[in-house]
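**Q** Let me begin by handing over the structure; questions about it come next.
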Amino acid sequence: MIELTINNRKVSVPEGTTILDAAKKLGITIPTLCYFPNQKTKANCRVCVVEVDGYRTLQTACSTPVAPGMVVKTNSPKALEARKVNIELILANHDARCLECSRNLNCELQKVANQAGITDNPFESVLVMQDIDDSSPSIVRNPNKCIKCGRCIEVCRDVQGLNIIDDAGRSADMGVVPTFGKFLNDSNCVACGQCAVVCPVAAITEKDEIGVVWEALSDPSKRVVVQTAPAVRVALGEEFGMAPGTPVTGKMAASLRALGFDDIFDTNFTADLTIMEEGTEFLTRVKNALTGGKATLPMITSCSPGWINFVEINYPELLDHLSTCKSPHQMLGALIKTYYAKKINVKPEDMFVVSVMPCTAKKYEAKRPELSVDGIHPDVDAVLTTRELARMIKQAGIDFVNLPDEDFDNPLGLSTGAADIFGVTGGVMEAALRTVYEIVTGRELPFDGLHVKPIVGLEGIKEATIKIENPVADYAFLDGVEVKVAVASSTKNAKVLMDQIAAGTSPYHFIEIMGCLGGCITGGGQPRSADPDVRIKRLGGMYSVDEAKVLRKSHDNPYVKSIYEEYLGAPNGHLSHELLHTHYNKRGKA
Amino acid sequence: MKTKNEIIKTLVTKRCGVIKPDSIEEFIGAGGYQAVVKAFSMQPEQIIGEVKASNLKGRGGAGFPTGIKMDAVLKAEGSPKYIICNADEGEPGNFKDKYLMENDPHQLLEGMIICAYAVGASHGYIYIRGEYGDSMTALEKAIADAKANGWLGANIKGSGFSFDVMVHSGAGSYVCGEEFALIESLEGKPGRPRNKPPYPTTAGFRDKPTMISNVETFSNIGIIVNGGGEAFKAIGTETSAGTRLISLSGNVKNPGVYEVPFGVTLADIVYGLGEGAPDGQKIKMVQLGGASGPIIPPELLDIRLDYKDLADEGISIGSGAVIVIDERFGMMEILERIMKFFCRESCGKCTPCREGNRQILNILNKFIACKASEEDIKNLTSICNVMCLTSFCGLGQAAPTAVLTTLKYFGGEYTGRLAAKS
């Protein structure tokens, strides 16, 4: 342990601790801007500077390790003045029209400026306004807001392994731009939005669709239907001050009704449906493979649109490995505009489907021309991120925290626990195994709490082997087969498994891939969080929602059963293929 | 007034202009590479001991004790270890490394070979400023000749020690003279500084232990090994050992590179060697070290060239530039040029340097237009201080030095340009 003095108080911390963390132990929060939990130390912004005895210069608390006997002053006049000047310098090159900014009152720069007591900037603005890049349907880059902290660069390069954006130019010309100054949509960006999650200001944001949703809600000729993805319910509460991972399903449904949506459905319903479709597809492929037919294995899940963008761009030759299932919200959109429209006798063109997603890539996905049942009307008309829904709820003045719980509407609002865990890495695979194993063996998946332990958790790549014994007659060919599955989250980890497939060395039959590390719980549309443990807390929330349900297996969903009986026919049947399945495009690299 | 011969002491430059720089034979004939032979007969710790005893400090500007640096690299864990010669010499007003490389390139190689042997390095790079084509040609020839003669490569002169050196061209970036920015650049990345610690001695090039030093520093090593650390320490002053190469330029009758022992005064350099300003002009100010150095009035020229004496006045001579400015030139215009330089050369990584330089320039422009206020003096001082205190690397910390020192020594130039109060 290292003992040092901070603001005249002694503190003991382990060797290697930074001044920033040592101060936290004393209840002192040193303002930071470029610092971000679980990222490398950048020490670019120079906001966290403190005075350390014996040093000529001020030291950045985020990057300076403690030393025995070190004497630190975090709030000396010298440190306070320097911090203030550095923030003022940033503000002088920032489009500081805060009142017209989506990050107003939710902006890290605003927060530190306020903390530093800045009321009047002595430095003249040197901002040279640049064009906003809104080429992508998912992400908007506003260079006029960028403070060059480098968080987005790091998450894109080190977490996602993509390297789409980097800093270019020097000095005043330094800026964060896509490769060769391309528009984002012309780059190899997969629209995952991880950059938007870590941005401290409004330099990278989701493309705001709140306006079109309000417009639809106020249009009396529109039947406006909303659906919510699994991971939204364990994160939305954070926007209202609740702890990460707190399930707010009931409040979410209630607030959506209060916002004026006509039908409150749950993407979870089609998550269950996905298991039926994807499970059937998998078993068909395995059967073909084992009975001498043609089949592409491993089969890979297709519900993460960032992942789909990634594979279309980077592995266009391997698209046959993808399940042809649309992602759950696109399936639900298709069913709403066909099955449900017919049921309530509304013309499909009068239906407006809004998906609330933890994801920015879903915005891109919804605009894909192939995701339309009639080639004219999209399955989904607008996609809101979790953050955007929170903004709408705030705009409407809804007291979210005190709202009594309400339920989703039926029939497309009922789901099993298997659907909830679609929101975490490993969840889709576990949900699929719960159903597939039972179809094949006639018995329940023989694991404690139905959880496939090796694929539960936040590791980037996980694998499991399930041995099939005593299958039912239809699947006798599977007797003794060891089914190998793998799960990866983040495009960087996906690359590892894809390179194995490309090299012909993949040992797996079935792979689940999510574009973002940890799965949808930390998708690009989720609330921004400085909590270093946010992933594990939201993961806990997802499994708690699953375990609280009576029905835990997708094939047990009564409305899933009835939709097959009364409308779709059999899984992977003709109508299923028309409404619930899609194809992929060999895009290749830009 | 001392004569030129009384001021000059040729140690590092003793072969310059005497031998043909492109002749390894002449270098060897003049005692070259003997230090390598001697070093191979010594233990690495002994060599480092001599360098420590010599009190040699880095000639790049920061003045870090070279022996301590070598010791750190020797003791650092990791393999391979690297030797990098910082020959970026981008600081305006400095041209002494160019002089050394083009007049005695083998002396530099000699120093690098000895250091490599002492710290256990197997590879060396000479990162040469992109504009220095002649220096690159000279060193490439010297390296080829040294290899052909067995002074570089595998098993040097049967010692069992192998070491290879490559020349790497810079690409015009000033900040690449900063050691970590140079290393990043050498690794093929944009030239931007890294966080310290860890220092290059433990995690430098490719995150391996690296000794990175200036051309002049390496060029002193052979002299120390040959003559011993104590003899070297006897040259100069109590607090500063050896000689310094001075790049004298600006408004002096005799600009050029001069080698002087520590202890001579700045006046010896400016008046004794440079013979003062031409055309009967009066010297108005002298900038030491280069664009990032202090600007002092002629009254301060009696200060001795000595790390301690200069530090006591709060100034430094950096890598040895002395730029003389006579009364024909306006201070504000000179400062404007300096700040434009830093506005262009900041890498943009950290806030104070990226944003501060141009704010300084903006305020200077107000003084130039005689539209400044008292508030501008306050803001100028404030930015300069914060840049010095909080910039990520030496560039940003030193960029406002000229402004800060002129605020101190030439305050009247600022107050004389305030907007007339109506």
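The values are calculated or read from the model by the stated rules, or taken from the named source; none is laboratory data. Please read these numbers as outputs of a predicted model, since none were measured by experiment. Positions of Cβ are generated from backbone atoms using ideal geometry, with glycine treated the same way; all protein chains shown enter the neighbour counts.
**Q** Just a yes or no: is a residue in the range A:486-495 modelled with pLDDT of 95 or more and over 22 Å from the mean Cα position of the chain (by Cα)?
**A** So the first thing to find is which residues in the range A:486-495 are modelled with pLDDT of 95 or more, and the list is A:486-495.
If we keep only those that are over 22 Å from the mean Cα position of the chain (by Cα) too, we end up with none.
No, the conditions are met nowhere in the range A:486-495.
**Q** Out of the residues in the range B:343-381 that are among the acidic types (D, E) and within 28 Å of the chain's Cα centre (by Cα), which is surrounded by the fewest Cβ atoms within 10 Å (Cβ to Cβ)?
**A** Once the filter is applied, the top-ranked residue is B:E345.
**Q** Next question. Looking at the range B:206-230, which of its residues are surrounded by fewer than 24 Cβ atoms within 10 Å (Cβ to Cβ) and outside any helix (DSSP H, G or I)?
**A** Selection gives B:K208, B:G228.
**Q** Further question on the same structure: Evaluate the following for A:A254: is it under 30 Å from A:P298 (Cβ atoms) and touching a Pro at 6+ places or on another chain (Cβ under 7 Å)?
**A** no
**Q** Then there's this: Report, by residue number, each residue of the range A:33-81 that is of a type in the set (D, E) and either within 8 Å of another protein chain (Cβ to nearest Cβ) or out of contact with any helix residue (DSSP H, G or I) (no Cβ under 6 Å at 6 or more places or on another chain) (or both).
**A** Across the range A:33-81, the qualifying residues are A:D53, A:E81.
**Q** In the list A:P137, A:P220, which residue meets the criterion of being away from chain B (no Cβ under 14 Å), free of Cβ contacts under 8 Å to residues at least 24 places away in the same chain and in a loop (DSSP other than H, G, I, E, B)?
**A** A:P220
**Q** Could you list, in sequence order, the residues of the range B:382-394 that are within 24 Å of B:I325 (Cβ to Cβ) and at pLDDT 95 or above? So that I can check it myself, show each step before the final result.
**A** First, the residues of the range B:382-394 that are within 24 Å of B:I325 (Cβ to Cβ): B:383-384, B:387-388, B:394.
Of everything in the range B:382-394, those that are within 24 Å of B:I325 (Cβ to Cβ) and at pLDDT 95 or above turn out to be B:I383, B:C384, B:M387, B:C388.
**Q** Are any residues in the range A:303-343 among the charged types (D, E, K, R) and part of a helix (DSSP H, G or I), and if so, which ones?
**A** Listed by number, the residues that qualify are A:E312, A:E317, A:D320, A:K337, A:K342, A:K343.
**Q** Sticking with this one: Out of the residues in the range A:82-102 that are charged (D, E, K, R) and part of a helix (DSSP H, G or I), which is farthest from the other protein chains (Cβ to nearest Cβ)?
**A** Looking at the filtered set, the residue picked out is A:E100.
**Q** Among (1) touching an Asp or Glu at 6+ places or on another chain (Cβ under 7 Å); (2) outside the structural domain of A:V224 (by TED's automatic domain parsing), where does A:G292 come up short?
**A** (1)
**Q** Which members of the range A:467-492 meet the condition of being in contact (Cβ under 8 Å) with a residue 40 or more places away in the chain, not in a strand (DSSP E or B) and not aliphatic (A, V, I, L, M)?
**A** A:Y475, A:F477, A:S490, A:T491, A:K492
**Q** Give me the pairs, please: first residue somewhere in the range B:371-384 and more than 8 Å from every other protein chain (Cβ to nearest Cβ) and on the phi > 0 side of the Ramachandran plot, second residue anywhere and modelled with pLDDT of 95 or more and crowded, with 18+ Cβ neighbours inside 10 Å, beta-carbon distance under 7 Å, and either six or more positions apart or on two chains.
**A** none
**Q** Further, regarding this structure: Please work out which one of (1) assigned to a helix (DSSP H, G or I); (2) small (G, A, S); (3) more than 10 Å from chain A (Cβ to nearest Cβ) is the condition B:G396 fails and give its number.
**A** If we test B:G396 against (1) assigned to a helix (DSSP H, G or I); (2) small (G, A, S); (3) more than 10 Å from chain A (Cβ to nearest Cβ), just (3) comes out false.
Conditions tested, residue by residue: (1) in contact with a strand residue (DSSP E or B) (Cβ under 7 Å, 6 or more places away or on another chain); (2) modelled with pLDDT of 95 or more.
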| site | (1), (2) |
| --- | --- |
| A:I6 | yes, yes |
| A:I28 | yes, yes |
| A:T32 | no, yes |
| A:N38 | no, no |
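**Q** Taking A:N185 as the residue in question, decide whether it is within 30 Å of A:V311 (Cα to Cα) and within 14 Å of chain B (Cβ to nearest Cβ).
**A** Numbers: within 30 Å of A:V311 (Cα to Cα): yes; within 14 Å of chain B (Cβ to nearest Cβ): no.
Judged against the criteria, A:N185 is not a match.
**Q** Here is a follow-up. Scan the range B:409-422 for residues that are of a type outside the set (S, T, Y) and loosely packed, with under 15 Cβ neighbours inside 10 Å and jot them down.
**A** B:G411, B:G412, B:G416, B:A419, B:A420, B:K421
**Q** Next question. Within the range A:517-534, is there a residue that is at pLDDT 95 or above, touching a Pro at 6+ places or on another chain (Cβ under 7 Å), farther than 17 Å from A:T416 by Cβ and loosely packed, with under 14 Cβ neighbours inside 10 Å?
**A** No, the range A:517-534 contains no residue that is at pLDDT 95 or above, touching a Pro at 6+ places or on another chain (Cβ under 7 Å), farther than 17 Å from A:T416 by Cβ and loosely packed, with under 14 Cβ neighbours inside 10 Å.
**Q** Is it the case that B:E345 is within 11 Å of chain A (Cβ to nearest Cβ) and in contact (Cβ under 8 Å) with a residue 60 or more places away in the chain?
**A** Yes: the conditions hold for B:E345.
**Q** Could you please find all residues in the range B:348-363 being more than 7 Å from chain A (Cβ to nearest Cβ) and touching a strand residue (DSSP E or B) at 6+ places or on another chain (Cβ under 9 Å)?
**A** Correct list: B:I363 only.
**Q** Filter the range B:365-393 down to residues that are in contact with a helix residue (DSSP H, G or I) (Cβ under 9 Å, 6 or more places away or on another chain) and part of a loop (DSSP other than H, G, I, E, B) and give me whichever is farthest from A:K42 (Cα to Cα).
**A** Only one residue tops the list, namely B:K371.
**Q** Can you find a residue in the range B:215-228 that is among the β-branched types (V, I, T), within 14 Å of chain A (Cβ to nearest Cβ) and over 23 Å from B:G78 (Cα atoms)? So that I can check it myself, show each step before the final result.
**A** Let us first name the residues in the range B:215-228 that are among the β-branched types (V, I, T), namely B:215, B:217, B:221, B:223-225.
Imposing the further condition that a residue be within 14 Å of chain A (Cβ to nearest Cβ) reduces the set to none.
For the range B:215-228, residues among the β-branched types (V, I, T), within 14 Å of chain A (Cβ to nearest Cβ) and over 23 Å from B:G78 (Cα atoms): absent.
**Q** Follow-up question, since we're still on this one. Looking at B:V18, B:V73, B:V12, B:V51, can you tell me which residue is surrounded by 24 or more Cβ atoms within 10 Å (Cβ to Cβ) and assigned to a loop (DSSP other than H, G, I, E, B)?
**A** Answer to the check: B:V12.
**Q** Scanning the range A:142-164 for residues that are closer than 24 Å to A:N106 by Cα, among the hydrophobic types (A, V, I, L, M, F, W, C) and not in a loop (DSSP other than H, G, I, E, B), which turns out nearest to the other protein chains (Cβ to nearest Cβ)?
**A** A:I153
**Q** Let me ask something else about it. Across the range A:103-134, what is the total count of residues that are within 28 Å of A:K182 (Cβ to Cβ), without any contact (Cβ under 8 Å) to a residue 40 or more places away in the chain, within 14 Å of chain B (Cβ to nearest Cβ) and of a type in the set (V, I, T)?
**A** Adding up the residues that qualify gives 1.
**Q** Would you pick out the residues in the range A:493-508 that are surrounded by fewer than 16 Cβ atoms within 10 Å (Cβ to Cβ), over 14 Å from A:T296 (Cα atoms) and touching a residue at least 12 places away in the same chain (Cβ under 8 Å)?
**A** A:V496
**Q** Please count how many residues of the range A:520-556 are closer than 22 Å to A:F269 by Cα and of a type in the set (D, E).
**A** So the answer is 3.
**Q** State all residues of the range A:223-250 that are within 19 Å of A:G333 (Cβ to Cβ) and not in a helix (DSSP H, G or I); if no residue qualifies, say none.
**A** If the condition is that a residue be within 19 Å of A:G333 (Cβ to Cβ) and not in a helix (DSSP H, G or I), then A:R223, A:V224, A:V225, A:V226, A:Q227, A:T228, A:A229 are the ones that fit.
**Q** If you don't mind, another one. Restricting the search to the range A:56-73, which residues are in contact with a Ser or Thr (Cβ under 9 Å, 6 or more places away or on another chain) and either among the acidic types (D, E) or in a loop (DSSP other than H, G, I, E, B) (or both)?
**A** A:T57, A:L58, A:A61, A:C62, A:S63, A:T64, A:V66, A:G69, A:M70
**Q** Just the residues that are within 22 Å of the chain's Cα centre (by Cα) and not aliphatic (A, V, I, L, M), please, taken from the range A:316-343. Let's see the steps before the verdict.
**A** If we filter the range A:316-343 for residues that are within 22 Å of the chain's Cα centre (by Cα), which is where we start, we get A:322-333.
Across the range A:316-343, the qualifying residues are A:S323, A:T324, A:C325, A:K326, A:S327, A:P328, A:H329, A:Q330, A:G333.
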